[in-house]
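Visitor: First the structure, which I've put down as structure tokens, then a few questions once you've had a look.
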Amino acid sequence: MLLYALRRLIYLVPVAFGVSLLVFALVHLAPGDPISAIVPPDAPQEVVDKLKEYYGFDKPLPVQYLRWLAVTLTGDFGTSIGTGRPVATEVASAFGNTIILAISATTLAFSLAIFLGTAAAYAKTRIVDRLVTLISLVGVSVPHFWLAIVLVIIFSVELGMLPPMGLGPENATGWRLDWPHIQHMILPTIALSVIPLGVMTRTVRATIKDILNAEFVTALQAKGMNDRQILFHVLKNAAPTCLAVMGLQAGNLIGGSILIETVFAWPGTGFLLNSAIFRRDLPILQGTTLVLAFFFMMLNLTVDVIQTMVDPRIKRG
Amino acid sequence: MSALLEVRDLDVTFMTPDRTVHAVNGVSFDVKRGETLGILGESGSGKSVTLRSILRLHPEHRTRWSGSIKLEGVEILTMDRRTLNDLRGQKIAMIFQEPATAFDPVFTIGHQIAETVRRHTGKSESDALKRARELLEMVRIPSPAQRLKAYPHEMSGGMRQRAMIALALSCNPSLLLADEPTTALDATVQIQVLLLIRELQRELDLGVIFVTHDIGVAVEVSDRIGVMYAGKLVELASVEQMVDAPRHPYSRGLLASTVQGSMRGQRLEAIPGAPPDLGEVPTACSFAPRCKFAEPQCVSAPPTLGSVGDSHLVRCVRAEAPA
């Protein structure tokens, strides 16, 4: 098992290499000259040349890439063109904020989805099943930014119960686990959880329904197992499929929903990416994308490893 | 000696919102300890439904049972869930057609046997595993200690079916229900498994109900054979009676459709037509449309099960007629 995880980790090296190449290419794929974004159009040529030299844009591309890679590998992502602060600090704090929101949203979505999906699969009457299917359909179809705005209008503007935006009370620095901060999380968490809730409910329902039709469930009944013991067997069988979808969904949330974070002014990676795009802040874009890509890779690896642990039929070859 | 299992006038009806199916209509039989009853029939004849009804394995909300199934005098059809769960796997155990799907794929064989032992005996995990090991030895699985740690997909079909038998026998049941346990196996493995069941049955004095569509298998393992057609027993007799003098035209047809070496070059007899739809309770002999001896009286009322000799029962108006 450990060996398998190690081997998978080694496989990630070429993938990471490819990702870094793509992220590097961002600078040159983007229309226009990266320097022209930060200097006024009427800047004298020597200033532009100086800046080009300072950022290394005067060297050939492969050299630029290797230099960038070497610096990046030391954990130095450069300096934000917009704020002048180190990219690493900016990305780290944004990433932390996104993770906090993603964890609360996935916890809400997945626990509810497992409950609803299982209930629907076990449902003996069509009403329960239909109701859950409806919920999941609404979950996948409702535009979540629209829901976010509606939530703000209802709970913040009309009822004044919950704060509409921000990470926490004003002039607070960073996130802490206390009531005011949790209050700020409630609306974004709900808005962010609708899509994974819809997708996961459908997956859980379909997977469990499938498994309940399997002969081994009858065999378990025939040997006198009670419903709770059988549910344990069913859930373990459903786990690999559900985990795979959960991994993808969680990955999407980690990417930070640009729309949700913008609506709630939540200073996460989505928010950071959004402002970086508008400011053409390429170091931030590169740094954020790189960190997110690595996180996504690690998440997928974790899901794969857990899957092989749960389901012995998946070859550890 | 009184019967181990008594089934009386068993009706099984499945109800879905779209359709009602009368899968079993008035089946009665007994099984004694140490006796094997073979139930023979084609797909859809109700043989598996009858077998599974003994453990009430059909979804309760869609199935209606009537009649009576008694194990050692205790009624199963009206038993509460908890008592039923205690009985399942302990007094009555079951083996399935496809051992590949009857084992949970994500748990080891050892775990699944030990789980059953613990469920019914309250033994500790290690004692239960010890018992599981003994059981694997009893069904003659080589290197049982290693096989305990194997997952179902890591074993061959024959091995899995042996493990399934081990699981079924784990709590010393008095009745073993076998639902086509050899159908999914290769011919050579089939014989080994049949012989194993036969041998264990004698050793443990088990009552066995063996459902199959294979006449050769039924004749091989059974003491008595019941032939089912369209949810009814059409003939019930000892193996000798059934082989030498089947009385029901359907039983005769079945036996005539087997292949023997001496029949080389002859045309193989087949029964024309297909079994009826079971959406309605039959009002006539269900076999009449396919029967070459059908008479007007066959379609006027369903025939009753009549005795034609020493515990030989036939459901046919022509039962007394010579073959």
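The values are calculated or read from the model by the stated rules, or taken from the named source; none is laboratory data. From a predicted model like this one, the values you see are computed outputs, not experimental measurements. Reconstructed Cβ throughout: ideal geometry from the backbone, glycine too, with neighbour counts over all protein chains shown. For the accessible areas, the whole protein counts, side chains as well, though only heavy atoms, and no ligand, DNA or RNA atoms are used. Shrake-Rupley method; radii C 1.70, N 1.55, O 1.52, S 1.80 Å.
Visitor: Take the residue pairs A:209/B:149; B:70/B:91; B:91/B:123; A:209/A:236 and return only those whose Cα atoms are more than 19 Å apart.
Guide: Check vs 19 Å cut-off fails for A:209/B:149.
Visitor: Let me ask something else about it. Out of B:135, B:102, B:122, whose Cα points farthest toward the positive end of the dipole of segment B:100-172 (charges: +1 Lys, Arg; -1 Asp, Glu; placed on Cβ)?
Guide: B:135
Visitor: Which whole number gives the average, over all residues in A:205-218, of C-beta atoms from other chains lying within 10 Å of the residue C-beta?
Guide: 3
Visitor: Taking the Cβ-Cβ separation of residue A:49 and residue A:179 as r and a Förster radius of 56 Å, what is the calculated FRET efficiency to the nearest 0.05?
Guide: 0.55
Visitor: Just report the Cα centroid separation between segment A:44-77 and segment B:200-244, whole Å.
Guide: Cα centroid of segment A:44-77 versus Cα centroid of segment B:200-244: 86 Å apart.
Visitor: Now, a different point. Under the rule that an exposed site lies in a DSSP loop and has at most 10 other Cβ atoms within 10 Å, name the longest stretch of chain B with no trypsin sites (Lys or Arg not before Pro) of that kind, not counting the sites themselves.
Guide: B:20-263
Visitor: Could you tell me the center-to-center distance, by alpha carbons, between segment A:84-126 and segment B:40-54 in angstrom?
Guide: Answer, in whole Å: 49.
Visitor: Something else now. For chain A, what does the accessible surface come to per residue with a 1.4 Å probe? Please give it in Å².
Guide: I get 52 Å² per residue for this part.
Visitor: With springs only between Cα atoms under 10 Å apart, run a GNM on chain B and tell me which of B:94, B:159, B:15 wobbles the most.
Guide: It is B:15.
Visitor: Hey, how many Å between the Cα centroid of segment B:114-182 and the Cα centroid of segment A:236-301?
Guide: So the separation of the two Cα centres works out to 48 Å.
Visitor: Could you give the size of the charge dipole of segment B:100-172 about its Cα centre, using +1 on the Cβ of each K and R and -1 on the Cβ of each D and E, expressed in debye and rounded to the nearest 20?
Guide: Magnitude of the dipole: close to 120 debye.
Visitor: Follow-up question, since we're still on this one. Filter the trypsin sites (Lys or Arg not before Pro) in segment A:169-272 to those in DSSP coil with at most 14 other Cβ atoms within 10 Å of their Cβ, and list the result.
Guide: A:176
Visitor: Right, another one. What per residue convex hull volume, in Å³, comes out for segment B:100-172 when only alpha-carbon positions are used?
Guide: 74 Å³
Visitor: Taking 25 Å as the cut-off for C-alpha to C-alpha distance, list the pairs among A:223/B:32; B:32/B:130; B:232/B:292; A:223/B:232 that go past it.
Guide: B:32/B:130; A:223/B:232
Visitor: When only C-alpha pairs under 8 Å and at least 6 residues apart count, what is the relative contact order of segment B:100-172, in percent?
Guide: In percent, rounded to a whole number, it is 43.
Visitor: Charges at C-beta only: +1 for Lys and Arg, -1 for Asp and Glu. How large is the resulting dipole of the protein assembly as shown about its Cα centre, in Debye rounded to 20?
Guide: It works out to roughly 640 debye.
Visitor: Could you compute how much accessible area chains A and B hide from each other, both sides summed, with a 1.4 Å probe? Nearest 100 Å² is fine.
Guide: Chains A and B together bury roughly 2200 Å² of accessible area.
Visitor: Something else about it: What residues does segment B:110-154 have that are buried by at least 20 Å² of accessible area in the full protein assembly compared to the chain on its own, 1.4 angstrom probe?
Guide: B:115, B:116, B:119, B:151, B:153
Visitor: Still on this structure, I have one more. Based on Cβ point charges of +1 for Lys and Arg and -1 for Asp and Glu, what charge dipole magnitude is obtained for chain B about its Cα centre, in debye rounded to the nearest 20?
Guide: Result for chain B is approximately 380 debye, rounded to the nearest 20.
Visitor: Helix-only estimate, please: 222 nm mean residue ellipticity of chain A, summing -39500 (n - 2.57) across DSSP H runs of length 4 or more and dividing by its residues, to the nearest 500.
Guide: It lands at -24500 deg cm²/dmol.
Visitor: How big, on average over all directions, is the shadow cast by the Cα convex hull of segment A:96-310, in nm²?
Guide: Answer in nm², one decimal: 14.3.
Visitor: Would you jot down the residues in segment A:228-246 that end up with at least 30 Å² less accessible area in the complete protein assembly than in the chain alone, with a 1.4 Å probe?
Guide: Checking the loss per residue gives A:233, A:236, A:237.
Visitor: In Å and whole numbers, how far do the C-alpha atoms of chain B stretch along each principal axis, longest first?
Guide: 66, 50, 43
Visitor: Mean separation of Cα pairs under 8 Å and 6+ residues apart, divided by the residue count of chain B: what relative contact order is that in percent?
Guide: 21 percent
Visitor: Could you work out the Rg to Rh ratio of the protein assembly as shown, with Rh taken as the Kirkwood radius (inverse of the mean 1/r over all Cα pairs)?
Guide: 1.16
Visitor: Please compute the net charge surrounding residue B:15, taking Lys and Arg as +1 and Asp and Glu as -1 over other residues with Cβ under 10 Å from its Cβ.
Guide: Counting the neighbours of residue B:15, the net charge comes to +2.
Visitor: Something else now. At a 1.4 Å probe, which residues in segment B:54-85 are at least 20 Å² less accessible with all protein chains present than in their chain isolated?
Guide: Buried by the other chains: B:57, B:61, B:81, B:85.
Visitor: Might you tell me the accessible area per residue for segment B:203-323, computed with a 1.4 Å probe and given in Å²?
Guide: Value for segment B:203-323: 51 Å² per residue.
Visitor: Take the solvent-accessible surface of the protein heavy atoms, probe 1.4 Å, and return the percent of it on chain A that carbon and sulfur atoms account for.
Guide: Roughly 70 percent of what the probe reaches on chain A is carbon or sulfur.
Visitor: Got a number for carbon plus sulfur as a percent of segment B:100-172's accessible area, 1.4 Å probe?
Guide: 49 percent
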